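Trainee: Have a look at this one.
The numbers here are math on the coordinates, done by the rules we state, and not lab data. What you see is a predicted model, and the numbers here were worked out from it, not measured in a lab. With ideal geometry, Cβ positions are generated from the backbone for all residues, glycine too; neighbour counts draw on all protein chains shown.
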């Protein structure tokens, strides 16, 4: 039998080889240990907005404040996926379905009943936190405020309920006028109930109320023209997100046409309009962020009672009043939350 000589690697090569194997094994172990950590994704909030990010800016800021109060910050320990309807509310149901199909952790539906109802129609399993100015029971969003049940809870303000107070305040400012105009969005789920309350207020004050229906910002100018032509004492806007998110545009038109006007949102007098009276949207959106954070921590919407933000705020712009030749009675100035000089 013939024996073949065995080649023996030099000692230095054997040491380097053992070191390589050890390093490779260590790297493999480290990769196996780190893989689950990398694969662990952040929870995702699906944010459904009826307008654009620019028009939601102040609301988004308040929402993020509330989220931070529960320990969450976008990009650090939670992700937010946005869907924007850009003012085309008919797109909301399809956008809500997109978020539901993405299997987000929770859907946030702020900005009115239209957004909440679109989210509700998209899923019965993903938790939903809504924010609106109307009554969520009357609108069919939840069956109870204290025990909402199902997969929805959220925050409601008094903006819709105080619509008639805007007419009363406007009459205090223009006591010698018997005719007033009111702007209503006919596509709003709350338009009928608000009109009923406004007509009741007009009857109690002995006023003539002219209803102007508008759901298209391209027709805003014609609406202000109509108010001037009918010589109405002022224009009162019903509570509606479509109007609220266009406060700057409406204020500019009120100044241009010299029309005393009043809306629900403080953004209107801050932009040069006469008055506003409505719910504190800063509080309602902050509470929405808090509820979203609590859901992320594992609480069920069915166990979280619908929050009612009862604070309403009156803003008055004295510069606008001066330009219109209007003097505010001391009784109104005394109760105003803010008087803009």
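Trainee: If a paramagnetic tag sat 7 Å from the Cα of residue 299 along the Cα-Cβ line, which residues of the range 140-165 would have the backbone N under 15 Å from that point?
Mentor: Counting only backbone N, you get 146-149, 152-156.
Trainee: Follow-up question, since we're still on this one. At q = 0.11 Å⁻¹, what log₁₀ I(q)/I(0) does a Debye calculation on the Cα points of the range 192-341 give, no solvent, two decimals?
Mentor: Per q value, in the given order, log10 I(q)/I(0) is -0.51.
Trainee: So how do 324-331, 57-64 stack up, highest first, on mean other-Cβ count within 10 Å? Mind dumping the intermediate values first?
Mentor: Working: 324-331: 12.4, 57-64: 17.8.
The most tightly packed comes first, giving 57-64, 324-331.
Trainee: When Rg is the radius of gyration of the Cα atoms in the range 147-268 and Rh is its Kirkwood radius, what does Rg/Rh come to? Before the final figure, lay out the partial values.
Mentor: Working: Rg = 14.8 Å, Rh = 14.9 Å.
Using only Cα positions, Rg/Rh for the range 147-268 is 1.00.
Trainee: Follow-up question, since we're still on this one. I need the calculated FRET efficiency for the pair residue 137 and residue 199, taking r as the beta carbon distance and R₀ as 30 Å, to the nearest 0.05.
Mentor: Working: r = 23 Å, r/R0 = 0.76.
The formula returns an efficiency of 0.85 here.
Trainee: Can you give the convex hull volume per residue for the Cα atoms of the range 264-320, as a whole number of Å³? The partial results should precede the final answer.
Mentor: Values: hull volume 3.7 nm³, N = 57.
Each residue corresponds to 64 Å³ of Cα convex hull volume.
Trainee: With each pseudo-label sitting 7 Å past Cα toward Cβ, what's the residue 192-residue 248 distance in nm, one decimal?
Mentor: The answer from the label model is 3.6 nm.
Trainee: Moving to a separate point now. Taking only C-alpha pairs under 8 Å that are 6+ residues apart, what is the relative contact order of the range 252-341 in percent?
Mentor: On the way: 118 pairs, mean separation 26.8, N = 90.
It rounds to 30 percent for the range 252-341.
Trainee: From the P(r) of the chain, could you give the percentage of C-alpha pairs in the tail past 25 Å? Walk me through the intermediate numbers first.
Mentor: Values: 33216 of 57970 pairs.
Pairs farther apart than 25 Å: 57 percent.
Trainee: For a quick protection proxy, order the peptides 283-293, 42-52, 307-317 by their average other-Cβ count within 10 Å, most packed first. Write out the running numbers ahead of the final one.
Mentor: Numbers: 283-293: 24.3, 42-52: 20.9, 307-317: 18.9.
Sorting 283-293, 42-52, 307-317 by mean packing, highest first, produces 283-293, 42-52, 307-317.
Trainee: Between residue 210 and residue 230, with labels modelled 7 Å along Cα→Cβ, what's the label distance in nm to one decimal, could you check?
Mentor: Going by the 7 Å Cα→Cβ label model, 0.5 nm.
Trainee: While we're here: Looking at the chain as a GNM with Cα springs under 10 Å, which of 73, 41, 94 has the largest mean-square fluctuation?
Mentor: Of 73, 41, 94, the Gaussian network model singles out 41 as fluctuating most.
Trainee: Per-residue ellipticity at 222 nm for the chain, helices alone: DSSP H runs ≥ 4 residues times -39500 (n - 2.57), over residue total, nearest 500 deg cm²/dmol? Please list the in-between numbers first.
Mentor: On the way: 13 runs with 146 residues, N = 341.
Helices in the chain give a 222 nm mean residue ellipticity of -13000 deg cm²/dmol.
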